[in-house]
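These notes concern the structure reproduced below.
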Amino acid sequence: MADAYGRRLAPLLATVGMTGKPGEVVKVPTAGTIGSPLLVLVGLGSDPDALAVRRAAGAAARAVTNAATVALALPATTPELVRAVLEGYRLGGYTYSRYKSNGSDTAPAEIVVLSPVARRKGDRRRVRRGSARRRRRGRRPRLGQHPRPRT
């Protein structure tokens, strides 16, 4: 993105008032500068960890509405950070619309994490294994939620 905008990026960010604080979200129309019609910038803070990356991905998910494909360019240099990006986006974009009259699904069909880690086979396996573990844990009923046995 910085290569596409060049020296125009810093003045653009100053114009829209982007400071980079955690949770800050700014939408910028690209006007053909990059392939996407909309660029969503999310603040991470000065020293982003997995939690900050997860929250930033969630903020991006809430800001993006009705997109077929979403490409996320967040700092994802380890499998744990890639997993944090994916989990954050999925959790941030969740809406409970079962009982809404127009229950149309606006979730993107494809989410792409732009990271060299996501391309390496061993790391891809680690990301998949970790998210599958979390899914299995999430399905278990919590203590006190077990159905009572019939007697």
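Any read-out appearing in this document is the output of simple, stated calculations on the displayed coordinates, not a laboratory observation. Being a predicted model, the structure only gives us computed values, none of them experimental. Here Cβ is always computed from backbone atoms with ideal geometry, including for glycine, and neighbour counts include all displayed protein chains.
Below is a table of values for the structure above.
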{"quantity": "The range 46-51 - phi-based ³J(HN,Hα) in whole Hz, Karplus 6.51/-1.76/1.60, Gly and Pro as x", "calculated": "7, 10, x, 10, 4, 5"}
{"quantity": "Distant-in-sequence amide H partners of L72 (H built 1.01 Å from N, under 5 Å)", "calculated": "V112, V113, L114"}
{"quantity": "For S46, S101, S115, S36, order by how many other beta-carbon atoms lie within 10 Å, fewest first", "calculated": "S101, S46, S36, S115"}
{"quantity": "Estimated vicinal HN-Hα couplings, Hz - the range 62-72 in sequence order (Karplus 6.51, -1.76, 1.60; Gly, Pro = x)", "calculated": "6, 7, 8, 10, 6, 10, 6, 9, 10, 10, 9"}
{"quantity": "Rounded to 5, the percent of DSSP beta bridges in the range 1-117 classed as antiparallel", "calculated": "55 percent"}
{"quantity": "For V28, V64, order by how many other beta-carbon atoms lie within 10 Å, fewest first", "calculated": "V28, V64"}
{"quantity": "Viscosity 1.567 mPa s, 4 °C: Kirkwood-radius Stokes-Einstein D of the range 1-106 over Cα pairs, µm²/s", "calculated": "87 µm²/s"}
